[in-house]
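S.K.: Encoded as structure tokens, here's the structure I'll be asking about.
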Amino acid sequence: MSNAFVTTVPVRFEHVDMAGIVFYPRYFEMVNQAVENWFAEALDCDFRRLHADLKLAIPTTHFDVHFDAPSRLGDQLSFALTVPQLGNSSFTLHHAVSCESQQRLRITQRLVCCQMDGMRPVRIPAEIRECMAHYHDG
């Protein structure tokens with residue numbers, strides 16, 4: 001297996017519903033936080049630079065989610081991110097989400113690099129793509 005980028009996202013009060021478990025749409029916010037952490041910490045391109053300086057966006061075009069076990073307030077979720085597919089303008093991420101070695105969910109996410117003006121697909125900048133390749137497991 002390739003290197004995985006691992007980041008921790010705490011389950012906060014804002015994430016849970018009346019049943020005391022994470023309300024499923026909140027996982028999408030957590031995924032975005034994990035991706036934003038990956039860009040800033042591993043790809044050396046925080047979202048301010050990506051959006052404001054490079055004028056690029058990376059919208060998600062597809063999600064596939066498998067829920068394995070519920071998560072609760074106070075859990076520390078570990079997001080292990082790998083890149084199973086790395087194209088010229090698009091890439092696929094796999095997120096294995098766990099808490100204390102228990103698998104909570106598995107997410108496959110497809111993203112496309114686009115110009116912010118017009119949202120047309122463009123090549124992933126070479127320096128970013130090179131960093132992404134360290135997490136490629138395809």
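S.K.: Show the residue pairs meeting these rules: Cβ distance below 6 Å; 6+ apart or different chains; first residue within segment 79-99 and farther than 13 Å from Asp137 by Cα; second residue small (Gly, Ala, Ser) and surrounded by fewer than 18 Cβ atoms within 10 Å (Cβ to Cβ).
M.R.: Short answer, once both residue conditions are applied: Ala96/Ala80.
S.K.: Restricting attention to segment 78-94, which residues are surrounded by 21 or more Cβ atoms within 10 Å (Cβ to Cβ) and either touching a Cys at 6+ places or on another chain (Cβ under 6 Å) or closer than 22 Å to Pro25 by Cβ (or both)?
M.R.: Hits for segment 78-94 are Phe79, Leu81, Leu93.
S.K.: Let me ask something else about it. Can you tell me how many residues within segment 13-28 are under 19 Å from the mean Cα position of the chain (by Cα) and loosely packed, with under 12 Cβ neighbours inside 10 Å?
M.R.: Residues meeting the conditions: 1.
S.K.: Please work out which one of (1) free of Cβ contacts under 8 Å to residues at least 40 places away in the same chain; (2) β-branched (Val, Ile, Thr); (3) over 19 Å from His134 (Cα atoms) is the condition Val31 fails and give its number.
M.R.: (1) is the only condition that Val31 fails.
S.K.: Residues of segment 100-119 being more than 16 Å from the chain's Cα centre (by Cα), outside any strand (DSSP E or B) and either in contact (Cβ under 8 Å) with a residue 40 or more places away in the chain or more than 18 Å from Val9 (Cα to Cα) (or both), which ones?
M.R.: Result: Met116, Asp117, Gly118, Met119.
S.K.: Here is a further query. If I filter segment 67-76 for residues that are farther than 30 Å from Ala126 by Cβ, polar (S, T, N, Q), part of a strand (DSSP E or B) and touching a residue at least 60 places away in the same chain (Cβ under 8 Å), do I get at least one hit?
M.R.: Checked against the condition, which is being farther than 30 Å from Ala126 by Cβ, polar (S, T, N, Q), part of a strand (DSSP E or B) and touching a residue at least 60 places away in the same chain (Cβ under 8 Å), segment 67-76 yields at least one hit.
S.K.: All but one of (1) part of a strand (DSSP E or B); (2) in contact with a helix residue (DSSP H, G or I) (Cβ under 6 Å, 6 or more places away or on another chain); (3) more than 24 Å from Cys131 (Cβ to Cβ); (4) not β-branched (Val, Ile, Thr) hold for Leu81; state the number of the condition that does not hold.
M.R.: (3)
S.K.: Which residue, of Leu73, Leu43, is surrounded by fewer than 15 Cβ atoms within 10 Å (Cβ to Cβ), touching a helix residue (DSSP H, G or I) at 6+ places or on another chain (Cβ under 8 Å) and at pLDDT 95 or above?
M.R.: One residue alone meets the criteria, Leu73.
The values are calculated or read from the model by the stated rules, or taken from the named source; none is laboratory data. Bear in mind that the values here come from a model prediction, so they are computed numbers and not experimental data. All Cβ positions, even for glycine, are placed from backbone atoms using ideal geometry, and neighbour counts span all protein chains on display.
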